[in-house]
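Notes follow once the structure below has been shown.
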Amino acid sequence: MNARLPERQASRALLIGSSRFSHEGLHDLPATVNNVRALADALTDPALGGLDPSGCRVLTDPTTPQQVGDAIDGVVNEALDTLLVYYSGHGMLNQRGELFLAVETTDPDPRRVHYFGVPMGWLRSALADSPARNRILILDCCFSGHATQAMSGTAPAVSGNLDIHGTYTLASAPAHETAVAPVGAQFTAFTGELLRTLRQGVPDGGELLTLGDIYPALTRALLASGMPRPQRLGTGMADHIALARNRAYRPATPSTVKPRTVSEPRGTTITPGVRSTNEQDPKVAAEFHAAMLDGYRRAKKELNYNAGNFIQMVQQVGGLEAARRLLRASSVSSGFTTLWEKGRLDLAVEAVVLQDRFAGLFSDEELDIARDRLAEYGYSPAQTS
């Protein structure tokens, strides 16, 4: 699936910023208003690809949950291509551990918040019922990681599953951690980094800035600053949804391509840029296919990670073709990102590709892609046979 920008006229965004709160248990968050206004500017910037300004709606300082409900209702059915809903403010949990979003009159008492806060179920239902092909939910609030649980249908209070092709949830903090809004800062920590990524782009990324590009860049930058780790959940091929053009994109030219010295697999002669005869060796190809299946099984057993899309691709087209498709993709897969988060890039397809016994199955360019991706994420594979 190729990344593409949202269709301007058929896409909608609702950006909600709650900065003022009347209850003494909630402090004001002035940066949230800056968040939504700057994010609206970035999303509608024609130079970035942007949404049509008429389709990007900003709601600041709603006083009641009903105002938020009305605003959601005003965009969900209009979006036919891409729907983006963003909230920045206070997040709080009720006694059952369910997430609620604060408005000006919200009472944060866990016993009363469900009367005065915006329930996560409203946003879940809105995205589930929208006719939009792609749906994106971004939450910048405390405990926002609960949203990824709710959107996956695994939270105890949620009945049924949300299995919508092209739905992506991005949260600023884990389920049981608070988000960060530095005192006196123009933006909150999470949205400030999101804005920087949208405006400056991701070096070595593709021409379009996809959610699959944005999430790792956000995570690395925020962790380096001591901030909470963002959370994400994607269904279908949601990682390929693009929000903007990548300003840091530089197309490769002959003068910028660096020559690489290829280490030859044992007993094999490789002509640069040409596949070795190992590709024609059924035994080597079968061994690679088995290694791909073994990586899937190990991830499931050791990490409790079920890479459903990956194993389906391997079963449909074979391990070798599946690896080539993943290498040719403009950004890393959601599975690669998950393995990176868990510190197990040794199980990534790129690490298997670079094993000595399989290197002859791939072109120099494909080997370069695998090596560069792993290096970008701080992993140096050991040469194994």
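The numbers here are math on the coordinates, done by the rules we state, and not lab data. Keep in mind that what you see is a predicted model, and the values were worked out from it rather than measured. Note that we place each Cβ from the backbone using ideal geometry, even for glycine, and neighbour counts take in every protein chain shown.
Numbers for the structure displayed
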read-out: Separation between Cα centres of region 194-224 and region 76-128, rounded to whole Å; value: 26
read-out: √(5λ) per eigenvalue of the Cα gyration tensor, region 277-333, largest first, Å; value: 20, 15, 9
read-out: Summed side-chain charge close to PHE310 - residues other than PHE310 whose Cβ falls under 12 Å, Lys, Arg +1, Asp, Glu -1; value: +3
read-out: Rounded, prolate or oblate (a/c below 1.5 giving rounded, otherwise prolate when a/b exceeds b/c) for region 12-245 by Cα gyration tensor; value: rounded
read-out: Segment ALA290-GLN312, extension gain: residue separation times 0.36 nm, minus the distance between their alpha carbons; value: 6.5 nm
read-out: 13 Å beta-carbon shell around LEU347, net charge (K/R +1, D/E -1); value: +1
read-out: Hits among aspartates and glutamates - C-alpha to C-alpha of LYS300 under 16 Å, sequence gap 8 or more where chains match; value: GLU341, ASP346
read-out: Efficiency of FRET between ARG229 and GLN9 - r from beta-carbon atoms, R0 45 angstrom, step 0.05; value: 0.80
read-out: Virtual spin-label span in nm between ARG328 and THR60, 7 Å along Cα→Cβ; value: 4.8
read-out: Reachable aspartates and glutamates, given that their alpha-carbon falls under 17 Å from the alpha-carbon of LYS342 and they are not under 8 places away in the same chain; value: GLU302, GLU350, GLU376
